[in-house]
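The values are calculated or read from the model by the stated rules, or taken from the named source; none is laboratory data. Source: prediction; values computed, not measured. A quick note on method: Cβ atoms are made from the backbone with ideal geometry, for glycine too, and the neighbour counts reach across all protein chains shown.
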Ligand SMILES: Nc1nc2c(c(=O)[nH]1)N[C@H]1C(S)=C(S)[C@@H](COP(=O)(O)OP(=O)(O)OC[C@H]3O[C@@H](n4cnc5c(=O)[nH]c(N)nc54)[C@H](O)[C@@H]3O)O[C@H]1N2
Ligand SMILES: Nc1nc2c(c(=O)[nH]1)N[C@H]1C(S)=C(S)[C@@H](COP(=O)(O)OP(=O)(O)OC[C@H]3O[C@@H](n4cnc5c(=O)[nH]c(N)nc54)[C@H](O)[C@@H]3O)O[C@H]1N2
Ligand code: SF4
Ligand SMILES: [Mo]
């Protein structure tokens, strides 16, 4: 093990200015706070995916030197994937941003500046943009990877303090579809399940989801299922998950909607529906029933490119198993008609009454560690607590709860990510603040995006590293403390709040995002608005009040200690639920809940009573006729390019995972393209050959990986390599505005080995 003193940034001897003394306020340098047992160990939630595994940090002098999975945490039960085990290593990288950096307008070089200078530049230049081009000419793009309290503070600062309107986050790339689909169908963005459902289901249907790679610990939960379940995978590729399934349906890319409507028609035809549930708890079924009649097995099999026998077997699985659960991820969320596709899955669960009971549900698996937090509490696409900006009574509630002057809350919705990008093109957006997302690699049709960044008058990037594709384009770089260097909560896929704790000192002058937002407010001159937002836990208290009476009510969670002591707490957890568990007369904190009663808090699912969050309590059937993908294949571009996760050891744009020598051993360093052996032969690919992949927008050259995992006519490139996104056309779903990353027409050319 490396000694702390040997870690490169520990040797940092930069100026310790008065300025830093003033701004750090307990969040910058100095000792890790002793509030979480300063002795041998403390628990915290992993900072990569939304599985939300509990990790145990092993401390020396109050600082984490190692991590192990927590055997008692209800999510991971003692397991972790390679990223979790290695999570401390990326914090120690020499390219950590340790000082604010400002671009010298003459030389173009980035130069270290004090925090005072950086914050002064931030406020004066963003304000100048607003003076020249109007208050809504500044925007931010944020993330599902910082703490809930940080997101909430940012959303309040920008919309209530800085006079901004347009902002979005990388959750648009990830979970927007699930958000909109649930909201329309069930009345609230409410994934209904708990992880125990993986173990309690008789038939698990995974659609566009590869948990064996992308959510390995959830996959372990599936493997713990003792009910001999059918495991069905709908994925054009024979993924690691599909190989382990009992039934793989290799449907044609983006034929999901047709197939799912055909499935609904076949189930209705067999009478495999729950009429009493439909009558009591849903709206719109008769019209849906009439609509799906056109989706005959013949049509479906032809459009999805599967055999009739396979289709019949799929119908049989779902019709005959008692507890059926539907799980979806990016193969559904990222598409040109993704919202209706997600809703086709919700419709299946509704019409068969498979929701609100053990082992059932229409269950979207979340991607980033805190995408759930950003969906409900970031004040970006919806007003705090899943409220609407356009609703006057919602605005008044928030203004009153936060003691804001009437009229502070904007009445309009923000533009979505793609509209902000278009806004840069049209000149409507001139100042951009990018926080904890690496858009210059991850956004769709990336060359256009990166060209557009050049048109901005001011680009601020707030990140852990100076080397990300986006940071390198910044005019101002704000050095952020990362996961484990700060405190707050994450919300995982099953709606569970978990604690992030400060068990490491941030390097140099890096500050937590929370502290940076507070300092921006001060520099902007709007800190009075945020007086009550002084610490993460104070913000958590505000979020409790903002959630009260909403479907995501967490008013019954006392404080951080309760979350920590109970293995996380799922929303909702209302004051009434708390009072049932803890006699209010005893005045004991929730953390003192007797062990015997902890199970009542640990695992909960939604909609057990068939009451949904719509005004009339009924879930709604949504559907639309399937449309072909806009980036069509033709004689010139005959292959379909699919993208997604390549390995359990790579995280997105690889800014963090590339920093671990252990993780680096576990994935190919150079971009590669998976191609079927028949196609390899067709294009004349030689062993160890390389391939040129060209779309209507760009081209790349990558190593060839010849494998029957992909079907003929399709190729796959992992998203972790920055070469891939320039190829993909900017197509978004009309309702969720989530990009369609998983369908791009390309042509291939074999190149000799390099
Ligand atoms: N190791 C690792 N884990 C991660 C991440 C990571 O970067 N690395 N990222 C996290 C995040 S933010 C997310 S959102 C999740 C994503 O988790 P997943 O969605 O499971 O991962 P992907 O590989 O993006 O996509 C899943 C599958 O969709 C399939 N697919 C493509 N097109 C279609 C289609 O038209 N129909 C169907 N049915 N399937 C299709 C792809 O072949 C792929 O196997 O993973 C999370 N976990
Ligand atoms: N082709 C293709 N493209 C895709 C996808 C796909 O399937 N195919 N998937 C999409 C999906 S689902 C997602 S979620 C996106 C992800 O896309 P991004 O969000 O752009 O990817 P990350 O690499 O996670 O970027 C996070 C950034 O935040 C920084 N960071 C980490 N922690 C902190 C922190 O605490 N504070 C601050 N300030 N910075 C921090 C990291 O260093 C990194 O630069 O990619 C999308 N892009
Ligand atoms: S599965 Fe997700 S939450 Fe669990 S250790 Fe791996 S990255 Fe972390
Ligand atoms: Mo994601």
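Listed conditions (1) crowded, with 20+ Cβ neighbours inside 10 Å; (2) under 24 Å from residue 614 (Cα atoms) are all met by residue 289, apart from (1).
Against the numbered list (1) within 16 Å of ligand 3 (Cβ to nearest atom); (2) in contact with a helix residue (DSSP H, G or I) (Cβ under 8 Å, 6 or more places away or on another chain); (3) part of a strand (DSSP E or B), residue 140 comes up short only at (1). For segment 37-86, the tally of residues that are away from ligand 2 (no atom under 16 Å from the Cβ) and at positive phi stands at 5.
Within segment 397-421, the set of residues being within 14 Å of residue 136 (Cβ to Cβ) and free of Cβ contacts under 8 Å to residues at least 40 places away in the same chain comprises 411, 413. Each residue in segment 60-81 was checked for being outside any loop (DSSP other than H, G, I, E, B) and surrounded by 20 or more Cβ atoms within 10 Å (Cβ to Cβ), and 3 pass. Scoring residue 149 on the criteria (1) within 21 Å of the chain's Cα centre (by Cα); (2) under 18 Å from residue 388 (Cα atoms); (3) in a helix (DSSP H, G or I) leaves a single failure, condition (2). Note on segment 135-154: among residues that are closer than 15 Å to residue 416 by Cβ and more than 16 Å from ligand 4 (Cβ to nearest atom), the one that is surrounded by the most Cβ atoms within 10 Å (Cβ to Cβ) is 139.
Being away from ligand 1 (no atom under 16 Å from the Cβ) and over 17 Å from residue 338 (Cβ atoms) narrows it down to one of 156, 212, so name that one.
On the way: 212 fails: away from ligand 1 (no atom under 16 Å from the Cβ).
Sole residue among the options that is away from ligand 1 (no atom under 16 Å from the Cβ) and over 17 Å from residue 338 (Cβ atoms): 156.
Any residue that is outside the structural domain of residue 329 (by TED's automatic domain parsing), under 21 Å from residue 251 (Cα atoms) and modelled with pLDDT of 95 or more - is there at least one of those in segment 697-706? Yes, some residue in segment 697-706 is outside the structural domain of residue 329 (by TED's automatic domain parsing), under 21 Å from residue 251 (Cα atoms) and modelled with pLDDT of 95 or more.
State yes or no: is residue 737 in contact (Cβ under 8 Å) with a residue 12 or more places away in the chain, on the phi > 0 side of the Ramachandran plot and not in a strand (DSSP E or B)? Write out each step before concluding.
Details: in contact (Cβ under 8 Å) with a residue 12 or more places away in the chain: yes; on the phi > 0 side of the Ramachandran plot: yes; not in a strand (DSSP E or B): yes.
When the stated conditions are applied, residue 737 passes them.
Within segment 696-709, which residues are in a strand (DSSP E or B) and either crowded, with 20+ Cβ neighbours inside 10 Å or touching a helix residue (DSSP H, G or I) at 6+ places or on another chain (Cβ under 7 Å) (or both)? Across segment 696-709, the qualifying residues are 700, 702, 704, 706.
Suppose the filter is within 16 Å of ligand 1 (Cβ to nearest atom) and either in contact (Cβ under 8 Å) with a residue 40 or more places away in the chain or part of a loop (DSSP other than H, G, I, E, B) (or both); does residue 194 pass it? For residue 194, the condition - within 16 Å of ligand 1 (Cβ to nearest atom) and either in contact (Cβ under 8 Å) with a residue 40 or more places away in the chain or part of a loop (DSSP other than H, G, I, E, B) (or both) - is not met. Within segment 208-227, can you find the residues that are more than 16 Å from ligand 3 (Cβ to nearest atom) and surrounded by fewer than 24 Cβ atoms within 10 Å (Cβ to Cβ)? Once the filter is applied, which keeps residues that are more than 16 Å from ligand 3 (Cβ to nearest atom) and surrounded by fewer than 24 Cβ atoms within 10 Å (Cβ to Cβ), segment 208-227 yields 225, 226, 227.
Does residue 296 meet the test of being surrounded by fewer than 18 Cβ atoms within 10 Å (Cβ to Cβ), touching a helix residue (DSSP H, G or I) at 6+ places or on another chain (Cβ under 8 Å) and farther than 22 Å from residue 342 by Cβ? Yes. Part of a helix (DSSP H, G or I) and in contact with a strand residue (DSSP E or B) (Cβ under 8 Å, 6 or more places away or on another chain): does that describe residue 121? It is true that residue 121 is part of a helix (DSSP H, G or I) and in contact with a strand residue (DSSP E or B) (Cβ under 8 Å, 6 or more places away or on another chain). Being within 16 Å of ligand 3 (Cβ to nearest atom) and under 22 Å from residue 178 (Cβ atoms) is the filter here, so list the residues in segment 720-751 that pass it. None; the set is empty.
Here residue 574 meets the list (1) under 24 Å from the mean Cα position of the chain (by Cα); (2) within 19 Å of residue 189 (Cβ to Cβ) almost entirely, failing just condition (1).
A search for C-beta distances below 6 Å between a residue of segment 360-373 that is under 10 Å from residue 493 (Cβ atoms) and any residue that is in a helix (DSSP H, G or I) and within 16 Å of ligand 2 (Cβ to nearest atom), counting only pairs 6+ apart in sequence or on different chains, returns 364/178; 366/372; 371/171. Of all the numbered requirements in (1) touching a strand residue (DSSP E or B) at 6+ places or on another chain (Cβ under 9 Å); (2) assigned to a helix (DSSP H, G or I); (3) closer than 27 Å to residue 188 by Cβ, residue 542 misses one, and that requirement is (1). Considering segment 711-722, the residues that are under 17 Å from residue 633 (Cα atoms) and surrounded by 18 or more Cβ atoms within 10 Å (Cβ to Cβ) include one that is farthest from the chain's Cα centre (by Cα), namely 711. Residues in segment 365-389 that are within 16 Å of ligand 3 (Cβ to nearest atom) and either more than 12 Å from residue 189 (Cβ to Cβ) or in contact with a helix residue (DSSP H, G or I) (Cβ under 6 Å, 6 or more places away or on another chain) (or both): 365, 366, 367, 368, 369, 370, 371, 373.
Kindly check whether there is at least one residue in segment 344-351 that is under 23 Å from the mean Cα position of the chain (by Cα) and within 16 Å of ligand 3 (Cβ to nearest atom). Taking every residue of segment 344-351 in turn, none turns out to be under 23 Å from the mean Cα position of the chain (by Cα) and within 16 Å of ligand 3 (Cβ to nearest atom). Considering only segment 265-276, I want to know if a residue exists there that is in a loop (DSSP other than H, G, I, E, B) and within 16 Å of ligand 2 (Cβ to nearest atom). Scanning segment 265-276, I find no residue that is in a loop (DSSP other than H, G, I, E, B) and within 16 Å of ligand 2 (Cβ to nearest atom), so the answer is no.
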